[in-house]
Amino acid sequence: MKWIKSYFNLKMEINKKKIRYILKYHYDKGKNAVQACEKICAIYDEDTLSKSAARKWFARFRAGNFDVKNDFIGLFSDWSTGARSTNH
């Protein structure tokens, strides 16, 4: 059963990574985060991506961080205290 959970987590991460590449594509095309989110959700599912997550990714892109392989790790240093990291 453990391998099923590992497979599901890997599959989910691949799908998240795919969405991040699509966000980067829309950023490169000059779209804004909300437009990108609406297009992605229209194709995949309305729960695929939140507008706030799309805005966070676009903020990363505007800051010069185009690494879509990693999730939000490093974007915020500590979620429990809300302290922001300075390395985004």
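The values are calculated or read from the model by the stated rules, or taken from the named source; none is laboratory data. Just so we're clear, the structure is a prediction, and the values are computed from it rather than from any experiment. Note: ideal-geometry Cβ built from the backbone for every residue, glycine included; neighbour counts use all protein chains shown.
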(request) Tell me which residues, restricted to the stretch 1-37, are surrounded by fewer than 16 Cβ atoms within 10 Å (Cβ to Cβ) and modelled with pLDDT of 90 or more. (result) 18, 21, 25, 28, 29, 30, 32, 34, 35
(request) Report whether or not residue 49 is surrounded by 12 or more Cβ atoms within 10 Å (Cβ to Cβ), out of contact with any Ser or Thr (no Cβ under 6 Å at 6 or more places or on another chain) and modelled with pLDDT under 95. (result) yes
(message) For the stretch 18-39: of the residues being of a type in the set (D, E, K, R) and in a helix (DSSP H, G or I), which is nearest to the chain's Cα centre (by Cα)?
(response) 20
